[in-house]
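Down below is the structure, laid out as structure tokens.
The values are calculated or read from the model by the stated rules, or taken from the named source; none is laboratory data. A quick note: this is a predicted structure, and the numbers were derived from the prediction, not measured. Positions of Cβ are backbone-derived with ideal geometry, glycine not excepted, and every protein chain shown enters the neighbour counts. Ligands, DNA and RNA are stripped out before the accessible areas are found, and what is left, the full protein with its side chains, is counted by its heavy atoms. Shrake-Rupley method; radii C 1.70, N 1.55, O 1.52, S 1.80 Å.
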Amino acid sequence: MPKIIVKNLQKKFGDLEVLKDINLEVEEGEVVCVIGPSGSGKSTMLRCLNGLEVATSGSIVVDGHEITDPKVDIDLVRRNIGMVFQQFNLFPFMTVKKNVTFAPVKLGLMSQEEADKKADELLDRVGMLDKADAYPRQLSGGQQQRVAIARALEMNPDVMLFDEPTSALDPEMVGEVLRVMEKLASEGMTMVVVTHEMGFAKQVSDRTIFIDGGVVVEEGPPEEVFNHPKNERTQNFLNMVLQ
Amino acid sequence: MSFFELLSQSWPRLLQGLGVTLESTLISLVLAAILGLLFGMLSVSRAVGARAVARVYVDIIRGTPIIVQAFFIYFGITSALNFRMEPMTAGIITLTLNAGAYLAEIFRGGIESVDKGQMEAARSLGLSHGVAMRSVILPQAVRTMVPAIVNQCIITLKDSSILSVIGMAELTQIGSLIIADNLESFKVWIIVGVMYFIIIMILSTISKRIEKRLKADA
């Protein structure tokens, strides 16, 4: 069974219909990149996947849990869905290590010792172990984002969602974050990545989805979507961003 | 009567008045903090009804003078329900309800000043709304609220002088009583004014120190 199943997802903000009729499946271990112009609804779609935005209609099933069921314990489901934000959103009054260990300890999923041990491993993996005792404001954007990835991974998620993880970074820091994500992808993590990094989508994704105007306009293996786009809107978009 | 004669003569009564001022202010502020936090949380709640309740409370208090509130509580409520209330009790209730509304607004503003991404990040890790609010949002909100809270403490201290109108024996009331005895209006009000001023300067200095320390931490 696919890890994520989205059926007829519609999302309105007041009268504005941001998502019209999204259908999507993501298999276990698959890396899906979502591209599209600003305002196309791609971030909203991602945020619906862990219930940060509540779908207006349609159904979303992640890991066998129906997110769109009003009776679902969304907090429980979210434990298995890691999310990385454009603005990192680290907790500014906690050290790097505390940021990583805070949630699982607070939720009683791990003892502080277990969480610390796992945090050390994860921070080492993202190359941030030497900054474990630093505060977020002492770190560069790229470093903060790598910590945010470690924080999400500490919960042992089955799925990772990335919402334009490199859009707020200075250009020289984009690479370090993408490399961490690439490693994660190669280790078999199920990932949905909303991104403007076409190079990353092309190289790392198993499937690329182009969203425009609240609908999936085109999807397929990245080499097809990027090299032989069938839809005119995809062609125009790619011409503009790849010029 | 010379200034120093007057001062030494009335000093014990003035100190007593100052004591009542500080006591009523302190008790009111502690109760108001609880009330303010409660209504502050209601006003950022997702439930429309809770927000409306908080809105009505804050609007009523902000929309009426504190002297009317004091009269309403001390004379109005007691006569409608036919019982007696000590001026001190009525005074503390008035100050509490009044400061509570302003503190609720300060708490609401502080909570809303925290970036929305903080709540989203906490929720995305599986923390409930309540836990995220208490352990992620409030610690950040409090830092931004400290100057406004101290300011409200100073305002409440000064507002306590208004309670002389219902006969609460605080500093201003004692000042009036001393003048009734000796008619030294000019000198007595200078002394009373200086006493308020010194207490408020002490509060301001403490507040500046706290602000500085929070800035160093943040």
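Things to note:
- Loop-located GluC sites (Glu not before Pro) across region A:151-243 with a Cβ neighbour count of 13 or fewer within 10 Å are A:Glu187, with loop assigned by DSSP.
- Kirkwood estimate for region A:27-242, i.e. one over the average of 1/r between Cα atoms, Å: 17.9
- Fraction of beta bridges assigned by DSSP in the protein assembly as shown that are antiparallel (%, nearest 5): 55
- Ratio Rg/Rh [Cα only; Rh per Kirkwood] for chain B: 1.07
- Dipole moment magnitude, nearest 20 debye, region A:78-214 about Cα centre, only Lys, Arg, Asp, Glu C-beta charged: 300
- Long-range HN-HN contacts of A:Val217 with modeled amide H, under 5 Å: A:Phe210, A:Ile211, A:Asp212
- Residues whose amide H falls under 5 Å from that of A:Arg207, counting only those 5 or more places apart or on a different chain, are A:Val31, A:Cys33, with hydrogens built in the peptide plane.
- Here the Karplus curve 6.51 cos²θ - 1.76 cosθ + 1.60, taken at θ = phi - 60°, turns the phi angles of region A:197-208 into couplings of 7, 5, x, 5, 4, 5, 7, 9, 6, 7, 8, 10 Hz, with x standing for Gly and Pro.
- Surface share of carbon and sulfur [accessible, 1.4 angstrom probe, percent] for the protein assembly as shown: 57
- In chain B, Cα pairs under 8 Å separated by at least six residues give a relative contact order of 29 percent.
- Each residue of region B:145-161 was assigned a 3J(HN,Hα) from its phi angle through the Karplus expression (A = 6.51, B = -1.76, C = 1.60, θ = phi - 60°), giving 8, 3, x, 5, 5, 4, 4, 5, 4, 5, 4, 5, 4, 6, 5, 4, 5 Hz with x at Gly and Pro.
- Calculated from backbone phi, Karplus (6.51, -1.76, 1.60) coupling profile of region A:21-36 in Hz, x at Gly/Pro: 6, 9, 10, 7, 10, 10, 7, 4, x, 7, 10, 10, 9, 10, 10, x
- Exposed trypsin sites (Lys or Arg not before Pro) absent - longest run of chain B, DSSP non-H/G/I/E/B, at most 10 other C-beta within 10 Å: B:85-218
- nm² value of the averaged projected area, convex hull over the Cα atoms of the protein assembly as shown: 29.4
- Take the accessible area of B alone and of A alone, subtract that of the pair with a 1.4 Å probe, and the total buried over both chains is about 1700 Å².
- Projected label points at A:Asp73 and A:Ala168, each 7 Å from Cα along the beta carbon direction, are separated by 3.1 nanometres.
- The order of B:Met88, A:Met1, B:Met1 by accessible area, most exposed first and with a 1.4 Å probe, is A:Met1, B:Met1, B:Met88.
- Taking amide H positions as modeled 1.01 Å from N, with prolines and chain starts lacking one, the residues under 5 Å from A:Glu27 and 5 or more places away or on another chain are A:Lys3.
- Label-to-label distance, A:Gln112 versus B:Glu112, with points set 7 angstrom from Cα along the beta-carbon direction: 3.7 nm.
- Förster-model FRET efficiency, 56 Å R0, A:Asn227 and B:Arg46, C-beta, rounded to 0.05: 0.75
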